[in-house]
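For reference, the structure discussed in these notes is given below.
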Amino acid sequence: MSTLHWEDGRSEVHRLVVGPIDNNVWVLRCKQTGEAVLIDAANEHERLLELCRSLGVRRVLETHGHWDHIQAVPAVREAGYDVGVAAADAGMLPSYDSVIDDDDDVEVGRLRLRSIATPGHTQGSTCFRLEGSPLLFSGDTLFPGGPGATRFPGGDFEAIIRSIDERLFCALPPETLVLPGHGADTTLGEESPHLQEWIDRGW
């Protein structure tokens with residue numbers, strides 16, 4: 001079964017749904033060079049390693065440190081892949097290799113991923129925007145219908161609302177395609193009119 005989810009002239013995005021709560025694992029691949037990055041080594045490491053080998057993955061990026069997004073981290077590190085995560089969530093991982101700062105420029109062949117710190121779901125939650133493209137990998141920060149849950153330790157509802165409003169809605173175009181950590185795609189334009197509803201309901 002094909003994993004291809006989206007493509008344009010420069011890039012491909014592949015999706016694999018894994019684990020007991022259906023995590024989206026994303027692979028962004030540069031068509032020019034064949035190099036790729038995997039976003040969230042969530043679970044089912046054998047399937048992920050097969051995907052890494054077939055698509056030319058060179059590095060793994062974690063959107064945050066919750067258990068369901070990191071189960072395959074030891075296996076991908078053992079296979080030789082560098083795992084990066086924000087410093088605030090690094091202690092949630094069993095192990096990691098590098099720290100991702102806000103506004104980091106991550107090279108994926110000829111492509112550039114820009115990190116966006118979006119605390120709230122966790123303190124170190126991070127989104128990744130593909131420069132020159134409408135794509136945003138949102139982790140568990142933003143889904144169709146609202147923000148990710150903030151009831152877990154380290155969650156902060158006011159912070160996630162502020163992150164979504166200031167770092168996403170006010171900073172990126174409405175046509176930006178949101179590829180979340182679970183479930184279906186959406187766009188910033190579809191979600192932004194509902195911000196006050198989310199604030200009013202409080203979750």
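No lab work stands behind these numbers, since they all come straight from the coordinates. Every value quoted in this text rests on a predicted model; they were computed, and no experiment measured them. Cβ sites come from the backbone with ideal geometry, for glycine too, and all protein chains shown count toward neighbours.
Worth a mention:
- Residue by residue, region 6-17 carries 3J(HN,Hα) couplings of 7, 7, 9, x, 9, 9, 10, 10, 10, 10, 10, 9 Hz when phi is fed to the Karplus relation 6.51 cos²θ - 1.76 cosθ + 1.60 (θ = phi - 60°); x denotes Gly or Pro.
- Residues in region 24-35 carry Karplus couplings, in order, of 7, 9, 10, 10, 9, 10, 7, 5, 5, 9, x, 7 Hz; the curve used is 6.51 cos²θ - 1.76 cosθ + 1.60 with θ = phi - 60°, and Gly or Pro positions show x.
- Our estimate of slack between L195 and S2, defined as 0.36 nm per intervening residue step minus the Cα-Cα distance, is 66.0 nm.
- Amide H contacts under 5 Å for A42, placed H, 5+ residues apart: A72
- Close amide H pairs (under 5 Å, H built 1.01 Å from N) link G183 with N24, residues at least 5 positions away or on another chain.
- Summarising the amide proton neighbourhood of H5: residues at separation of 5 or more, or on other chains, whose placed amide H is nearer than 5 Å comprise V13, H14, R15.
- Region 41-154: C-alpha gyration tensor shape, a/c 1.5 cut-off, then a/b vs b/c: oblate
- Placing +1 on the Cβ of every Lys and Arg and -1 on the Cβ of every Asp and Glu, with no other charges, gives the chain a dipole of roughly 420 debye about its Cα centre.
- Mean residue ellipticity, 222 nm, helices only, the chain: the sum of -39500 (n - 2.57) across DSSP H runs of n ≥ 4, divided by residue count and rounded to 500, is -4000 deg cm²/dmol.
- Percentage relative contact order, the chain, counting C-alpha pairs under 8 Å, at least six apart: 14 percent
- Mean projection area, nm², convex hull over Cα of the chain: 10.2 nm²
- Between helix 45-55 and the chain: long-axis angle, C-alpha atoms, 0 to 90°, nearest 10: 70 degrees
- Extending 7 Å from Cα along the Cβ direction at V17 and again at R47 yields two label points whose distance is 1.0 nm.
- Sorting 104-111, 165-172 by their mean Cβ neighbour count within 10 Å, with the most densely packed peptide first, gives 104-111, 165-172.
- Each Lys and Arg adds +1 at its Cβ and each Asp and Glu adds -1 at its Cβ; summed about the Cα centre, region 1-72 shows a dipole of about 300 debye.
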